[in-house]
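In what follows, a single structure is set out as structure tokens and then discussed.
The values are calculated or read from the model by the stated rules, or taken from the named source; none is laboratory data. All values derive from a computational prediction rather than experimental measurement. We place every Cβ from the backbone using ideal geometry, glycine too, and count neighbours over all the protein chains shown.
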Amino acid sequence: MLQRGDRRRLPGLRPQANTLIEVRWAALDGPVLASATSDKQGKPRVTLAPGAHYVVPVAKGDEQVVPDPVSVQPDTSAVAKPFVSVR
């Protein structure tokens, strides 16, 4: 799994349509709180409780994925941008 700063070095990374994502509590190896599949634009939509989360694309085969940490505040929304490599 790549790290967030790797996005700039790998131009093939972009959001992918129909990609399974997992939302993990507080850490990359934290428990899975929710999962969803991204839409045609590669954007997943998940309702979460306030707190620190990681949005992690689930790799298919040898794909490289970049998780995105997101902090959800009470009564607000947050945007995460997980990426998957295009090979």
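For this structure, a couple of remarks:
- Condition met for residue 84 (at pLDDT below 85, at negative phi and in a strand (DSSP E or B)): yes
- Residues within region 31-47 that are hydroxyl-bearing (Ser, Thr, Tyr) and loosely packed, with under 13 Cβ neighbours inside 10 Å, tallied: 2
- Qualifying residues in region 48-62 (those that are out of contact with any Pro (no Cβ under 8 Å at 6 or more places or on another chain), within 12 Å of residue 19 (Cβ to Cβ) and surrounded by 14 or more Cβ atoms within 10 Å (Cβ to Cβ)) - the one modelled with the lowest pLDDT: 59
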